[in-house]
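A quick write-up on the structure given underneath.
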Amino acid sequence: MSVSNQSTGYCPDVTCWPPVAAALDRLGVGRPAGFTTEIPFRRCTACAEINIVRDGDLVCVFCDADLPAAWNIRPRAPPPAWGT
């Protein structure tokens with residue numbers, strides 16, 4: 001089994017393995033000891049684009065600004081309920 005933190009939109013940190021492991025354990029499926037592929041995401045503080053950090057290169061591929069060393073992508077607030 002392969003398990004990755006790669007997602008569309010959410011961009012979880014590589015440290016989110018424990019809840020993933022717990023969910024797989026509850027399902028009773030075999031699992032690896034950790035992510036088989038870890039994808040480090042960072043949001044550029046200059047242009048706000050989401051980047052995948054490749055080979056430890058902390059430079060935004062969109063604007064060449066330095067990226068933060070630590071994960072900095074927070075979930076966005078849900079939109080207000082319709083009609084409120």
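The values are calculated or read from the model by the stated rules, or taken from the named source; none is laboratory data. Just so you know, these numbers come straight off a predicted model, no measurement behind them. Don't worry about glycine lacking a Cβ; one is built from the backbone with ideal geometry, like all the others, and counts go over all protein chains shown.
Miscellaneous remarks
Table: residues versus (1) within 21 Å of D55 (Cβ to Cβ); (2) in a loop (DSSP other than H, G, I, E, B); (3) under 15 Å from the mean Cα position of the chain (by Cα).
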position: Y10; (1), (2), (3): no, yes, yes
position: W17; (1), (2), (3): no, no, yes
position: L24; (1), (2), (3): no, no, no
position: V29; (1), (2), (3): no, yes, no
position: F35; (1), (2), (3): yes, yes, yes
position: R42; (1), (2), (3): yes, no, yes
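- Residue in the range 73-82 that is hydrophobic (A, V, I, L, M, F, W, C) and not in a loop (DSSP other than H, G, I, E, B) present: no
Here's the yes/no breakdown for (1) out of contact with any strand residue (DSSP E or B) (no Cβ under 7 Å at 6 or more places or on another chain); (2) at pLDDT below 95:
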site: L24; (1), (2): yes, no
site: L27; (1), (2): yes, no
site: F35; (1), (2): no, no
site: C44; (1), (2): no, no
site: V61; (1), (2): no, no
site: D66; (1), (2): no, no
site: A69; (1), (2): yes, no
site: A77; (1), (2): yes, yes
site: W82; (1), (2): yes, yes
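- Within the range 35-62, tally of residues that are under 30 Å from L24 (Cα atoms) and surrounded by 13 or more Cβ atoms within 10 Å (Cβ to Cβ): 10
- Residues considered: A21, A65. Of these, the only one that is surrounded by 15 or more Cβ atoms within 10 Å (Cβ to Cβ) and either in contact (Cβ under 8 Å) with a residue 40 or more places away in the chain or not charged (D, E, K, R) (or both) is A21.
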